[in-house]
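The values are calculated or read from the model by the stated rules, or taken from the named source; none is laboratory data. Being a predicted model, the structure only gives us computed values, none of them experimental. Positions of Cβ are generated from backbone atoms using ideal geometry, with glycine treated the same way; all protein chains shown enter the neighbour counts. These accessible areas exclude ligands, DNA and RNA; they are computed on the full protein's heavy atoms, side chains included. Shrake-Rupley method; radii C 1.70, N 1.55, O 1.52, S 1.80 Å.
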Amino acid sequence: MRDSWDIYMLRFTPEAVQPSDIDRVDVSHFNDLEQLRVLTEDRVQLHLTSAVKTKIALKLTEAHGPFSGWQQYLQDMLDHYIMFLPYDELEAQLEPQMFLDIDISPDDLHSPMRKVQHFYSIGAWKVANWLSDPSNIPTEFSGATLDKKTKLFCLVSKYAALPHLYGNVFPIDVIKHGISECAFYDIDYSQMDFLVDVVTSDPGFTWTANNMVDIDPLMPAVPASVLKNISEAELKAYWEEKHAEFPVSSARAVWDTIKHTVDLGNMDCHDMLTTQEGLLVLSPDELQLIPLHVFTDCADVFTHYLDGRCEHNPRGCEQIWKQIKRSAASYQQSLASVMKNMSEEFIVGYVPPDDMEDLMTRNDHDLDDILQIPLDDVHASVIFRKIEREMGNFSLMDLEHHNVSDQKAYKKLFRKGSTTDELERELPKGADLLSSMDEMKSNLGKASRKKVKTVYSRVKESLDLDGRNSDICVDETMTEDVAPFFTQASEDELKKLSADSRGKILKAIGSDEKAPDDDESEPGENVEGMTRKKLAIFLRVQLETKLTADDVTEIGPYLFCGMDLAQAEKLSDGAIREHLHVFETCVQLNQTVREAVAERVMASVGGVTGLLDMPAMAKDLGTMLAYADLTELDSLDQATGNQNQLDCNSLKVFRGELSFLNASDIMDMKSQDFEDCLEDMQKSNWTDGQLEAIGHKLKEVFGNDTVNWQSDAPMKAGSLIRGLPKDDLLDITFNEDIIAILGQMEMEANESAEILNKFTRDKGLPGFSHLTADELASMGKLVCGMDAMDISSMAASAVSDAASSLADADCLGEDQLQEFGKKLEEDMGSDWSGLPPNKVAELGVLMGGASKEVLSSLDEEQIANVNPKAISKVPAKTFSEVFSADKLNQLSDEQALYLTPKHMWRMSREQREAMSNFTSSAGIPVPTASHGNKASDWGEMQTARQLPRASCGTGMALAGQRDSLLDTPQKVDAYRMTLSPELLDFFGRLEDSPSHDISTFTDIDMDITLHFLMDYLDEEGRNDYLDILDSFDYIPTEDMEEMLATWPPSIHLLQNEQTMCEFTSMMSEDLLSTFCTRLTNDDVSAATVTEVVERCPDCIVLAYKEREDESLHFMLDAAKGAVFFRKLRQWMDSGWDAYVLQISPSGLKEADIDMVTDTSIFRNRTQLRILGDDMFFAYIGEGVKKKLAARIYEALGSLASWSDVLIDEIGSYIPYMKPEILKRDLTPSYVMRVMHYIEDMHDVTAVEDRALSIAAWSLADQVEANPNYLNSTEKLRAMCLLAKYAARRSLFETFYTAQELSDGMIRCAHWNISKENVSS
């Protein structure tokens, strides 16, 4: 029956109703009052999903029109469904005055469904805006009863507390009535200090205990600065009566005032209960003054108070647990009977798993208590082993042997605490398994990947997903239960399911609703730990199933954590707003997508101004605020009526995401507002400039001289004390509590070192070797400031005891971790096979320093508990030796994500293959080195590689060495006889390698290469050489650079041509440049260069393509240059320029100058400077100089037209011009113009000598015919040239005096003028 449904049919199984089912109900049925009453039945209303309720809401508005026009009875009956209208529909249909008559249910206000919270949030803001003008209050409100006004006060205070409404729209009588009547709204008043101002400004109000009790819900909003000034007697009397929960900063202010009035030594359980948050203010020493019995008598209550608060004083909570344990031991009370009533958050966060060993397991009564303790897997595994050890076998088979009252809890403990192997042995199969999937989900849905994968393997077997069947159906009543385990499915396995089953399972995986009848489930928990790639696969499969791009609810919102930018762009604004809370929490969502989503949201609400009107959306936007433009700070001022400074209340709208504040905003805050906002400000990530401003404000609040700060000041400031200047920070007197706060931060190693050194001085310790375990544990990440020597000096027992507190110090380097590893091994031995898996987990990143022996001793369960970050810290060599191909499959997805290219580099081929298979199935990219774009992608490279050989030689057999090639079996056998056993072994590996060819080498070249490989490379280096193609993608770039720069290029010629060219093809431009530059070294022969460029002319192409790059150092000698230009001529017979010529000046031939076909190059000043460079000119041959001189003259014309600058740059080519040119252009005037250049010439060549002779006779003829042609200075300058090349007696007798000749010849000493010329 596909159509003609009615509303009565929803009664059958409400939880199984799908949104599409509502489409089968004709709209006319929604006008039938009797049928509408079905929707109000608790059984129906409580079990329908949000998506179904949205469909019903749309049907109701289709039948009855907009909600605001409904009759009152209809609103009262069905307003629950209207809450599920789409966001935009609610914005359009809700009218503020409706809330005067809507009955607000406590159940709705406490509903975990975000749709319900959005409904009230939107309504509250509409009410707030409706009442926003105190001078024009709507008559509907002003004429309403006190109860109705109070209802709106409660609604607005919970969701839309605009400060200016209080005291005006909501007068003091409404406020006082509201504070007492709004209890079931659970309003968080802690951010409403403006309301405190209104209430306390009422005439006659004083800070008496009775008055404070009357406004008890509001008291958490009283600023700490005000609390400090209240009478200690009144404050203490109030605190004993209060019910409100205070922020830690406020609680600290109260207890600083009243603590000395409390007799800690006589506290009883009642006193402990009234202390509440004050427990976090007490120091460890003060906690020890409280009678021990109190800690067990009321642990069940006060530990719940501490949930979410211990992070402000973690050491305090650790001390509280120690006192609870001591109390139980002292009074012989069962520790389990105490713990079973404590909060899970406290147990998981602050009870060391090893302390579970202290639980008594004498009988089944003790076991009954233990089963009721709220445990995670780690604590459960310790208890599991203890029960097995002390009570005998603990398995599902033995359940009947234990007389326990809660068999479900027994099964839960077994499944949480057992190893993967133990779990696998006892998992049911087939129908038995499928029928127990609800228990499996409850007990194992959040378990380790190994356990989840184990259950999925059994589910897969039960459904026959490995068989040939397809279109496999999973009963829809089971989809919610199997969903956590299908996170391990492959794409192929998903596609074997029927479209309907696949869609429902994937929707359950990605759902943003709490699973029905499962109080422990949380939206989005199924996708935790899934990789972005795997989520992208699931999303793609689901889109294929649903064939829609933006039906987010139906697809499963959390699957969109894997969306790419294109998929994000397909989402409508409405879809983004509806599911923004999901996208914000997606750790897998990449930054580009997060930015795009944030920009869409901000644009859709009109920027910051619009966001202020939608605090629920600001909360949903959360960390994405970092990607939005939040510069419109004036809007904050407008919203709060504050035109000059930001107040704490306006900033609380942003839920701790305050990093948009600039330094001046922070500096402009009032001291009191800054102090009141300290907790919120600790939630943001700050830049150095912002931190500097925060540091100034901290000194303004707590005192400019940090030497005098009380110990509570740094505790209040928390992580913000990093903003203090270094000297001020180091002036604080450090204790373990302050160090514990600093130890949670990321710092530079030198900063941490200075803090630790100051701490040891403050404690009076001579050094780190005297640290106790407690002191070391308090340091947290600060230990990254210790050097390896510091760590080696510490007591092994102290390191072992403190290790779990250092587990997050992922800033530790390899040397530091190795020392920590040695200390742990010293205390615990090298065989850790008996170490509980939870202990491995507790060591966190310190496992990265474990030795090969320790890691080899771990079993699969222990490996599964190694912190993923520790995996990245294990040295690559150690990792490859420990993790065989089989053992690699024991890694979890999260662990595999932390493998580095160095790890892959040191793996064998089998290990890499196993790793690739594993990462592929897990949706994880294989870690590879990022070398950059391959130079071989250039089109020019492909063309050059097609060229035939240009040289006549082959391999290394140049210069008549062909007979020495190892190219016959006889020659190879004879050569083997000359080798030592070690060399012979590696020579054999070369012979057997399909990638190498020894026949291209002579015996002498082979000797040189083998000795390098054996003497300069270790075994790993030799393996890299043999497997270079397989290893290339994993070798870190810096290591590859070093290999290419140090290995002799000749060893690459042992590779066959295909391998060698494939090797160079894989290189980036930078790597290829390193390889090619190595060819220029003096120890590389021309024969090697010839064979390299003949096989793979990549260096030719690179040098040509990058010839203008000044960083390219690629200067070849004559022989290698000749090889280079020969290959270049073959590839490119025109289009050369000066940049090409400078690659090897000494290797140039005259014919190479003809390759410069563009004459304009010789008019280009930049390229002319290259040709005129002294080194270039010195290295080119005489014939090349003549050729260049001719081309230069051809381009530039007559020498007389050259500028003086040009003559300075390339004048060295003038002597190499043709004689007829010189005779024509070297006129007497030109000779004198270039005389300074002539005077600087030394060691002239024959060609230059000839040119100087032409110049001299040109000048001599002119001077003899016209004796007055030169002035006295010019005559002296010309004398050397004339004496050397034109020494006619008649010229010197008529032109120079005897004194001039005497003085001048001294100047001409370096000209080496012949005696004959001198005597003439």
Quiz item: Which label marks the calculated value of Rg/Rh (Cα atoms, Kirkwood Rh), given the options (i) 1.47; (ii) 0.96; (iii) 1.10?
Solution: (iii)
Quiz item: With every protein chain present, what is the per residue accessible area of region 791-901 (1.4 Å probe, Å²)?
Solution: 35
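Which of the peptides 120-132, 201-213, 789-801 is most tightly packed, and how do the rest follow, judged by the mean count of other Cβ atoms within 10 Å per residue? Present the calculation step by step, with values, prior to reporting the outcome.
On the way: 120-132: 21.0, 201-213: 13.3, 789-801: 17.8.
Ranked from most to least packed, the peptides come out as 120-132, 789-801, 201-213.
Contact order normalised by length for the chain, with contacts defined as Cα pairs under 8 Å and 6 or more residues apart; what percent is it? Let's see the in-between values first.
On the way: 1784 pairs, mean separation 53.3, N = 1320.
It comes to 4 percent, rounded to a whole number.
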Quiz item: How high is the FRET efficiency between Leu765 and Asp42 when r is their beta carbon distance and R₀ equals 60 Å, given to the nearest 0.05?
Solution: 0.40
Practice problem: Return the FRET efficiency for the residue pair Ser951, Asp1117: r is the Cβ-Cβ distance, R0 is 25 Å, and the value is rounded to the nearest 0.05. | Solution: 0.90
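Ranking request for peptides 328-338, 701-711: highest mean number of other beta-carbon atoms within 10 Å first, then the rest in descending order. List each step's numbers first, then the result.
Numbers: 328-338: 16.9, 701-711: 14.4.
By packing density, highest mean first, the sequence is 328-338, 701-711.
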Quiz item: So what are the ³J(HN,Hα) numbers for region 428-436, from phi and the Karplus equation (6.51, -1.76, 1.60; θ = phi - 60°), rounded to whole Hz, Gly and Pro as x?
Solution: x, 10, x, 5, 4, 5, 4, 6, 10
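Rounded to the nearest whole Å², what accessible area per residue is found for region 317-445 with the 1.4 Å probe?
Values: 5550 Å² over 129 residues.
Normalised by residue count, the accessible surface of region 317-445 is 43 Å².
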Quiz prompt | Spin-label pair His110/Ser1290, simplified geometry with 7 Å Cα→Cβ offset, distance in nm | solution = 13.1
Quiz item: So what are the ³J(HN,Hα) numbers for region 6-21, from phi and the Karplus equation (6.51, -1.76, 1.60; θ = phi - 60°), rounded to whole Hz, Gly and Pro as x?
Solution: 10, 5, 4, 5, 5, 5, 4, 9, x, 5, 9, 5, 9, x, 5, 5
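If the chain between Glu1108 and Asp1243 were fully stretched, how many nm would it gain, using 0.36 nm times the residue separation less the Cα-Cα distance?
Full extension of this stretch gives 45.4 nm more.
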Quiz item: Residues with amide H under 5 Å of Ser1068's amide H, sequence separation 5 or more or different chain, H placed in the peptide plane at 1.01 Å from N; which?
Solution: Ala935
Practice problem: Report the relative contact order of region 1193-1264, percent, no decimals, based on alpha-carbon pairs under 8 angstrom and at least 6 residues apart. | Solution: 38
Quiz prompt | Nearest 10 degrees, 0 to 90: helix 499-510 Cα axis against the chain principal axis | solution = 90
Quiz item: Long-range amide H contacts for Ile472: which residues qualify at under 5 Å (H placed 1.01 Å from N, peptide plane, sequence gap of 5 or more or a different chain)?
Solution: Leu497, Ser498
Quiz prompt | Relative packing of 1014-1021, 809-816, which averages over residues the other C-beta atoms within 10 Å, highest first | solution = 809-816, 1014-1021
Quiz item: What are the residues whose amide H is under 5 Å from the amide H of His996, where those residues sit 5 or more places off or on another chain and H is modelled from the backbone?
Solution: Asn1056
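Give the shape of region 698-740 as rounded, prolate or oblate, defined through the alpha-carbon gyration tensor: a ≥ b ≥ c are the square roots of its eigenvalues, a/c under 1.5 means rounded, and otherwise the shape is prolate if a/b is larger than b/c and oblate if not. Intermediate values should be presented prior to the final figure.
Numbers: a/c = 1.32, a/b = 1.30, b/c = 1.02.
Taking the square roots of the gyration eigenvalues as a ≥ b ≥ c, region 698-740 is rounded.
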Exercise. Pull out the extension gain between Glu748 and Glu461, defined as 0.36 nm times the separation in residues minus the alpha carbon to alpha carbon distance; nm, one decimal.
Key: 98.2 nm
Quiz item: Can you work out the FRET efficiency for the pair Lys877 and Glu62, with r the C-beta to C-beta distance and R0 = 56 Å, to the nearest 0.05?
Solution: 0.20
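Could you report region 1035-1080's accessible area per residue, 1.4 Å probe, as an integer in Å²?
On the way: 1380 Å² over 46 residues.
Accessible area per residue: 30 Å².
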Quiz item: Semi-axes of the equivalent ellipsoid of region 1155-1290: what are they in whole Å, largest first, if each equals the square root of 5 times a C-alpha gyration tensor eigenvalue?
Solution: 28, 15, 13
Quiz prompt | For region 189-198, 3J(HN,Hα) per residue [Karplus equation, 6.51 cos²θ - 1.76 cosθ + 1.60, θ = phi - 60°, Hz, x = Gly/Pro] | solution = 7, 4, 9, 10, 5, 5, 5, 4, 4, 5
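Could you work out the relative contact order of region 1-109, using alpha carbon pairs under 8 angstrom and six or more residues apart, expressed as a whole percent? Mind showing how you got there, number by number?
On the way: 98 pairs, mean separation 26.7, N = 109.
Computed over region 1-109, the figure is 24 percent.
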